[in-house]
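Novice: The structure is given below, and queries will be raised subsequently.
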Amino acid sequence: MNKTLLIFRHEFLHTIKRIGFIILTLALPVLALLAIGVFHIVSGITKPPAEVTRIGYVDEVGGFDQFTTQGSITLVRFDTPEVATQALIKKDITEYFVIPPDFISTGIIKRNIMQKEATPPPATETAIKNFLTSNLLAGKVPVATIARIEAPLNLVTTTLTGAGNVATEQGGLGNLIIPGVFGFLLALALIFSSIYVIQALGEEKENRLMEILLSSVSTRQLMTGKVLGIGLAGLAQVAVWVVSIPLLLGLASSSIGGFISTIRIPANFLVLGVTYFFLGYLLFAVLSAGVAAISATVREAQGLAGIFTIFAMAPFWFFSLILLFPNSPIWVVFSIFPFSAPVLVMLRLGMTGVPAWQLAASIAVLVLCIVGGLVLAAKLLRTYLLMYGKRPKLAEIIRNLRRG
Amino acid sequence: MPAVEVNHIVKSYADKAVVNDLAFSVNQGEIFGLIGPNGAGKTTTIRMLMDIIKPDSGDVTILGEKLSEASKSKLGYMPEERGLYRKLSVIDSIIYLASLKGMDRHSAEKKADELLNQTGMLANKRKKIEELSKGMGQIIQFIVTIIHDPKLVILDEPFGGLDPVNTELLKRMFLDLRNQGKAVILSTHQMNQVEELCDRILMINNGNSVLYGNLTEIKSRYRSHSVILDFEGKLAQIQGVTLKRTHKGYVELILDGNTTPKQVLERLVSTGIVINRFEVTTPSLNEIFLEVVGKNHE
């Protein structure tokens, strides 16, 4: 078998057997399955009781005696707070509230409960609010108007294409979830793959196994086999996520529904996800190889690689700003900047339509940087792979690179 | 055809010549000692032999041809500081590194079993490298070096960290390699091992060749003008002897530049003393090493 292929196979098998790699690969599907399972268990245990919830109230203003059924909540009138308290102690009611005489001017409602809580349950709050509104407006406006006042807005947004037609992708939070999660995993995959390349080369350099390998293969064969072997392992990891996302989404959507059913995978997302992983990985891997060559220890190499791997995670620091202004010129520049492009483009795909020219420019810059990185890394490997001890200074590296 | 032919190689780093116009050859079926102090240029020379780094000028031929990726399989190399994949098992490590030398999995495993058995390591075949002692790891490294039946074996400090039993085991295996007609280059600081094993040597210092040739010839070249004498009777003044040093059980006679040991022996016999031992003093390789390197340091 070709020696490059032997190294490729060795690195691939070595990487996919790592505990860290297995955990990261299975994290997404396992956690998602777990979340679906937990949802079913929790929703099964805490199913809303069939009987109607009874909430007491004391009307010190007068006139709040209609609309006492609000969904599954029944409002029970008491004459005084003392009587209501006795009913609460006897558990005839779950809680009660008092409408004080100055309610109209202050809006204050005094609520009494038996169990501590962080905030009032939304259903209870809505029921009380609607009860008060309905009674205040009763007889003054039509019933339909009361309903509109209680729920004034049901915003339905439609995104149109340049030709004025309804766009295939309609955006929304549901569209953001998958690229966001995938972008985060992509950042982790890029960082971990870089670490694997550094560890693979760094350990061999540190324990002098490198000399034995180079007595059998060339630097080119070694680097190609390693980068592609670890890259394939990373690609397999991304493939597991890419395949599991639609399956898990289908499962979650059918069994949970609600917001989950609004989650959509943007068009071209899967193709672009794999493309950006592949290009991002190659760039990070060749530079990691160069860093490993000039570093004396694996730890030192990992520290140095942080200079470029930090850009993989950086888009998440500015997530809220990207969400608010997804087409800001700053994000356009960083979508073309090769170190941040893979993850940032993924995030922006979920928030806005990334124009084709930006995608083309970012992919072109990535490809150019990979080619340049390959040439640079090959020179560094040839020059420094068998040099031990102190890390060379930048000026020395530049001088040696110029000499070729 | 020599196993190695080195023609005036030069290698410089940052304008400093690490190897300076080195020329030597290594024959098939011999153990060749590459010796020199730390920083003499031995490792750089070895790396140029293995085509890991290129000389600035000069050339190297291995078995009559320039080393290529394909012909690297004819080489076996054991570096000074040894390392293997700590998490891999012994057999997987051997098979992977043997496969990079062109062996298929089946033959590599068969040969590995044979060598593990020969070195008493077969019981450790499935153990992870990190579970082995340093000496055991070294034996595995030696197996990796020779498993693919190389024509040229380069060993950098092979005895470091080995116990006497394993040292003897390796020595026997080196001699076996020589007897099989393979060329063995032994780079070491242990001069007693060089004296015991090597047929010829190259001593380098500061990148330059300072001694090169047959070990016996070199030692005779550095023979001091003195003889050791164990005798009975009264030792008279002998013509040609400039100094007499008395040691426990023998005397050392220092000769002048014009007198040979043979002439002194004849003169001693004529004095009528009983001679129990008469030996021409030859310096150890260690003494020669110190003398040559010392001169260059001055």
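Novice: Please verify whether segment B:155-169 includes one or more residues that are touching a strand residue (DSSP E or B) at 6+ places or on another chain (Cβ under 6 Å), of a type in the set (Asp, Glu) and not assigned by TED's automatic domain parsing to the domain that holds residue B:274.
Specialist: Yes, segment B:155-169 contains a residue that is touching a strand residue (DSSP E or B) at 6+ places or on another chain (Cβ under 6 Å), of a type in the set (Asp, Glu) and not assigned by TED's automatic domain parsing to the domain that holds residue B:274.
Novice: Here's a check for you: in segment B:50-82, which residue that is in contact with a Ser or Thr (Cβ under 9 Å, 6 or more places away or on another chain), more than 7 Å from chain A (Cβ to nearest Cβ) and assigned to a strand (DSSP E or B) is nearest to residue B:98 (Cα to Cα)?
Specialist: My answer is B:76.
Novice: Need the failing condition index for residue A:334 against (1) surrounded by 16 or more Cβ atoms within 10 Å (Cβ to Cβ); (2) farther than 30 Å from residue A:199 by Cα; (3) over 16 Å from the mean Cα position of the chain (by Cα), just the number.
Specialist: Every listed condition holds for residue A:334 apart from (2).
Novice: Would you be able to say whether some residue in segment B:227-242 is in contact (Cβ under 8 Å) with a residue 24 or more places away in the chain, surrounded by 13 or more Cβ atoms within 10 Å (Cβ to Cβ) and part of a helix (DSSP H, G or I)?
Specialist: No, there is no match, as no residue in segment B:227-242 is in contact (Cβ under 8 Å) with a residue 24 or more places away in the chain, surrounded by 13 or more Cβ atoms within 10 Å (Cβ to Cβ) and part of a helix (DSSP H, G or I).
Novice: Hey, another quick one. Can you tell me which residues in segment B:49-70 are surrounded by 16 or more Cβ atoms within 10 Å (Cβ to Cβ) and not aliphatic (A, V, I, L, M)?
Specialist: B:51, B:55, B:58, B:61, listed by residue number.
Novice: What number of residues in segment A:87-100 are surrounded by 12 or more Cβ atoms within 10 Å (Cβ to Cβ) and farther than 16 Å from residue A:128 by Cα?
Specialist: 3
Novice: Now for a separate question. Which members of segment A:82-103 meet the condition of being of a type outside the set (D, E, K, R), over 21 Å from residue A:63 (Cα atoms) and under 45 Å from the mean Cα position of the chain (by Cα)?
Specialist: A:88, A:93, A:94
Novice: With the checklist (1) out of contact with any strand residue (DSSP E or B) (no Cβ under 7 Å at 6 or more places or on another chain); (2) within 12 Å of chain A (Cβ to nearest Cβ) in hand, flag the one item residue B:16 doesn't pass.
Specialist: Unmet condition: (2).
Novice: In addition: Has segment A:152-163 got any residue that is in a helix (DSSP H, G or I), more than 14 Å from chain B (Cβ to nearest Cβ), farther than 30 Å from residue B:150 by Cα and of a type in the set (Val, Ile, Thr)?
Specialist: No, segment A:152-163 contains no residue that is in a helix (DSSP H, G or I), more than 14 Å from chain B (Cβ to nearest Cβ), farther than 30 Å from residue B:150 by Cα and of a type in the set (Val, Ile, Thr).
Novice: Here are some conditions: (1) away from every other protein chain (no Cβ under 14 Å); (2) out of contact with any helix residue (DSSP H, G or I) (no Cβ under 6 Å at 6 or more places or on another chain); (3) farther than 18 Å from residue A:131 by Cα; (4) part of a helix (DSSP H, G or I). Residue A:32 meets all but one. Which one does it not meet?
Specialist: (2)
Novice: Return the only residue of B:290, B:211 being surrounded by 14 or more Cβ atoms within 10 Å (Cβ to Cβ) and not assigned by TED's automatic domain parsing to the domain that holds residue B:15.
Specialist: The match here is B:290.
Novice: Checking the conditions here, which among A:199, A:170 is surrounded by 13 or more Cβ atoms within 10 Å (Cβ to Cβ) and either at pLDDT 80 or above or in contact with a strand residue (DSSP E or B) (Cβ under 7 Å, 6 or more places away or on another chain) (or both)?
Specialist: Among A:199, A:170, only A:199 is surrounded by 13 or more Cβ atoms within 10 Å (Cβ to Cβ) and either at pLDDT 80 or above or in contact with a strand residue (DSSP E or B) (Cβ under 7 Å, 6 or more places away or on another chain) (or both).
Novice: On the given criteria, is residue A:140 in the same structural domain as residue A:69 (by TED's automatic domain parsing), surrounded by fewer than 13 Cβ atoms within 10 Å (Cβ to Cβ) and not in a strand (DSSP E or B)?
Specialist: yes
Novice: Let me ask something else about it. Looking at segment A:43-51, is at least one residue surrounded by 10 or more Cβ atoms within 10 Å (Cβ to Cβ), without any contact (Cβ under 8 Å) to a residue 24 or more places away in the chain and either touching a Pro at 6+ places or on another chain (Cβ under 6 Å) or not assigned by TED's automatic domain parsing to the domain that holds residue A:144 (or both)?
Specialist: Checking segment A:43-51: at least one residue is surrounded by 10 or more Cβ atoms within 10 Å (Cβ to Cβ), without any contact (Cβ under 8 Å) to a residue 24 or more places away in the chain and either touching a Pro at 6+ places or on another chain (Cβ under 6 Å) or not assigned by TED's automatic domain parsing to the domain that holds residue A:144 (or both).
Novice: A further question follows. Is one or more of the residues making up segment B:125-136 within 14 Å of chain A (Cβ to nearest Cβ) and within 24 Å of residue B:43 (Cβ to Cβ)?
Specialist: Yes; the residues of segment B:125-136 include at least one that is within 14 Å of chain A (Cβ to nearest Cβ) and within 24 Å of residue B:43 (Cβ to Cβ).
Novice: I need the full set of residues from segment B:49-74 which are in contact (Cβ under 8 Å) with a residue 60 or more places away in the chain and of a type in the set (S, T, N, Q), in order please.
Specialist: B:73
Novice: While we're looking at this one, here's another question. Has segment B:88-107 got at least one residue that is within 14 Å of another protein chain (Cβ to nearest Cβ), over 30 Å from residue B:15 (Cβ atoms), surrounded by fewer than 21 Cβ atoms within 10 Å (Cβ to Cβ) and touching a strand residue (DSSP E or B) at 6+ places or on another chain (Cβ under 6 Å)?
Specialist: yes
Novice: I'd like the full set of residues that are exposed (fewer than 14 other Cβ atoms within 10 Å of the Cβ) and part of a helix (DSSP H, G or I), limited to segment B:249-287.
Specialist: B:262, B:266, B:269, B:270
Novice: Continuing with the same structure: Among the β-branched types (Val, Ile, Thr) and within 20 Å of the chain's Cα centre (by Cα) - does that describe any residue in segment B:125-138?
Specialist: No, segment B:125-138 contains no residue that is among the β-branched types (Val, Ile, Thr) and within 20 Å of the chain's Cα centre (by Cα).
Novice: Now for a different question. Give the residue that is surrounded by the fewest Cβ atoms within 10 Å (Cβ to Cβ), with candidates limited to residues of segment B:8-48 that are in a strand (DSSP E or B) and free of Cβ contacts under 8 Å to residues at least 12 places away in the same chain.
Specialist: B:16
Novice: OK, next. Scan segment A:183-206 and give yes if some residue there is in a loop (DSSP other than H, G, I, E, B) and among the hydrophobic types (A, V, I, L, M, F, W, C), otherwise no.
Specialist: no
Novice: Still on this model: I'd like the full set of residues that are within 12 Å of another protein chain (Cβ to nearest Cβ) and either at pLDDT below 85 or out of contact with any strand residue (DSSP E or B) (no Cβ under 9 Å at 6 or more places or on another chain) (or both), limited to segment A:215-236.
Specialist: The answer is A:217, A:218, A:219, A:220, A:221, A:222, A:225.
Novice: For residue A:215, only one of the following conditions fails: (1) among the hydroxyl-bearing types (Ser, Thr, Tyr); (2) surrounded by 21 or more Cβ atoms within 10 Å (Cβ to Cβ); (3) in contact (Cβ under 8 Å) with a residue 60 or more places away in the chain. What is its number?
Specialist: Checking residue A:215 against (1) among the hydroxyl-bearing types (Ser, Thr, Tyr); (2) surrounded by 21 or more Cβ atoms within 10 Å (Cβ to Cβ); (3) in contact (Cβ under 8 Å) with a residue 60 or more places away in the chain, the one that fails is (3).
The values are calculated or read from the model by the stated rules, or taken from the named source; none is laboratory data. Predicted model, so just to flag it, every value in this text is computed and none were measured. Cβ: placed from backbone, ideal geometry, glycine included. Neighbour counts: every protein chain shown.
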